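Here the structure is laid out as structure tokens; the discussion comes afterwards.
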Amino acid sequence: MIRLLRIARREYLAYVRTPGFWLSLLLLPVGLSTAVLAPMAVQHNAPTPRVAVVDFTGESLSGVVGGALADSGASTKAVIVPAPGGPFANPVEASARLEPYLRGQRTLPGGGRLDAAAIIHPAGDTVAVDLWTRNVVDSGYEQAVSAAVQDAIRRDRLRALGVDAKTLARVESLSPVVSLFSPKAATGKVETEDRLPEIVGLAMGLLLWMVVLTGAGMLLNSVMEEKTSRIIEVLLSSASVPEIMGGKILGVAAVTGTILAFWMSIAGVVIAVRSPEMAMGLLGVFTHHARWAYFALYFAGGYLMFATLYVTVGAFCETTREAQTLLGPMMIIMSIPPIFMSQAIAHPDAPLLRTLTWIPLFTPFMMAARAANDPPLWEIAATGAMMFTVTAFELWVAVPAFKSGALATGRFDIRVFFGSLVRRQAP
């Protein structure tokens, strides 16, 4: 045990003393802030789209559509400009004349390009809108125009049936008062604090996912570097394989834990100062039904399960290319949990999500995301036991595999790898 702790200390100090560790410590909030602020910055700096509206209905819908486009839910609000190339005899001619402006082959009279055009024309008892746009991904304009035209047509048809303007205005001003209640809410009525468990569960699942990816890379590189420099042989002569593996896993866990603890402490202080109620709510999430122990269970089990795998693979690799070849399938598998973790908030009991919970590679992530819905105790015990059983089996086969791989020379040999898994050296 003493040798294990010494190896862990050596591994920890090897990373802490490097400039990269301090850069990671300091730049972590920069990366997180960039992820949050970048979309807003891009939206703020994007050029304002110019949109033309052509109305063939005679029902004065151009103003309705123009207002919807100028104040729509699209990524960038538009500026309404006169339709270039007009007047037009019909919608087909309007489309043909506006197309060069939309393609960028011609510019608007005042300069600049035309980004979108809405051509409104009769279509039986209703109207149709041909919405031309350069950005086919942004559906905000389409939704805004559809809702605005639909409301305008309804108003016109109701007026035609004799409904006066005051009655229409009074009816349109009516809206339901909806209050959300839940038996899980402290007061019955759902407040912001009642949504914190779902947010915390998802955050903890994503946090574990990031810790696994970060720690796995550090473990892999550490073992590969020591194998290449023959340091691993010196360690094997003075300590057992379980001590070496355990020390490395514990040391890297301490490194990632230091970074997370540092910034989570700062975040906790900031939240406590700016919003004491939010801080108390977050504290309540972790203390309610001992969720801190719940998260600790899956954090420890998930990290140990993946760390053991990466340490073993690193012992068989001498180059980054070999490591990438072996870990390629694992990285594909690791891309799956974030996709489903967000769905665990809205659909915690969906059959597919419950099935993923029982797959050991996904268990720690999915159970962390489902924490807010308080899974039954039997499910926690069963999935936890299964996770640690798989980890124990990994350790059982990893000890001889690590030693065989660490002492092997040359490129990765699949016979050596599988031979080590059955505790013998392949011929």
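Data for the structure
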| quantity | calculated |
| --- | --- |
| Long-range neighbours under 9 Å by Cβ, at least six apart or interchain, first residue modelled with pLDDT under 80 within segment 1-28, second loosely packed, with under 14 Cβ neighbours inside 10 Å and of a type in the set (F, W, Y) | L25/F262; L28/F262 |
| Complete set of residues in segment 227-236 that are surrounded by fewer than 21 Cβ atoms within 10 Å (Cβ to Cβ) and part of a helix (DSSP H, G or I) | T228, I231, E233, V234, L235, L236 |
| All strands (runs of 3 or more DSSP E) inside segment 64-168 with 1 or more residues being touching an Asp or Glu at 6+ places or on another chain (Cβ under 6 Å) and touching a residue at least 40 places away in the same chain (Cβ under 8 Å) | 116-123 |
| Only one of T308, T383, T389, T355 that is modelled with pLDDT under 85 and either in contact with a Phe, Trp or Tyr (Cβ under 8 Å, 6 or more places away or on another chain) or part of a helix (DSSP H, G or I) (or both) | T308 |
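Condition check ((1) among the hydroxyl-bearing types (S, T, Y); (2) touching a residue at least 40 places away in the same chain (Cβ under 8 Å); (3) buried (at least 16 other Cβ atoms within 10 Å of the Cβ)) across all residues:
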| site | (1), (2), (3) |
| --- | --- |
| G301 | no, yes, yes |
| T312 | yes, yes, yes |
| P337 | no, yes, yes |
| F362 | no, no, yes |
| A371 | no, yes, yes |
| G384 | no, yes, yes |
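The values are calculated or read from the model by the stated rules, or taken from the named source; none is laboratory data. Everything numeric here is computed off the predicted structure, so don't read it as measured data. Neighbour counts run over all protein chains shown; Cβ positions are idealised from the backbone, glycine included.
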